[in-house]
Amino acid sequence: MPTGIVKLIDFGCARRLSYLNHTASNSGDLLKSVHGTPYWMAPEVINESGYGRKSDIWSVGCTVFEMATGKPPLAHMDKMAALFYIGAQRGLMPSLPDEFSYNAKDFVDFCLTR
């Protein structure tokens, strides 16, 4: 913004907020539905068990990973494969490469913890 304040929102969240402003009914169902880009989606969003602060923390970890490496986590996978991988809750998410500081790697690892 011209005042120097940064506002950040993902497209899925913006869509939900737009919907909530127009309709008060069924808002709970909308907040539990799957929206978003597979590479940044938290396991609970993929599994439709809800959306909340934990999902946002996961997305921040994915965003920091992409800012550091130029690609989102699991970018080597097809979008659907990444979706199933994250949703299965068995696979480990990638860490930042070794050239990054311990604190940066630790931050991303904590954000991408299930």
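Pick from region 68-79 the residues that are within 15 Å of the chain's Cα centre (by Cα) and under 20 Å from GLU44 (Cβ atoms): which of them is surrounded by the fewest Cβ atoms within 10 Å (Cβ to Cβ)?
So, considering only residues that are within 15 Å of the chain's Cα centre (by Cα) and under 20 Å from GLU44 (Cβ atoms), the one surrounded by the fewest Cβ atoms within 10 Å (Cβ to Cβ) is LYS79.
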TODO: Quickly run through region 80-110 and pick out the residues that are among the hydrophobic types (A, V, I, L, M, F, W, C), surrounded by 13 or more Cβ atoms within 10 Å (Cβ to Cβ) and closer than 16 Å to ILE46 by Cβ.
DONE: ALA82, LEU83, PHE84, ILE86, MET93
Open item on the list: Quick check on my filter: what residues within region 34-74 are part of a loop (DSSP other than H, G, I, E, B), farther than 26 Å from PRO97 by Cα and of a type in the set (Val, Ile, Thr)?
Closed with: VAL34
TODO: Confirm whether PHE84 is out of contact with any Lys or Arg (no Cβ under 8 Å at 6 or more places or on another chain) and over 16 Å from THR37 (Cβ atoms).
DONE: no
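Rule-based calculations on the coordinates, nothing more; no lab input. Here the structure is a predicted model, which is why all the values come from computation and not from measurement. Reconstructed Cβ throughout: ideal geometry from the backbone, glycine too, with neighbour counts over all protein chains shown.
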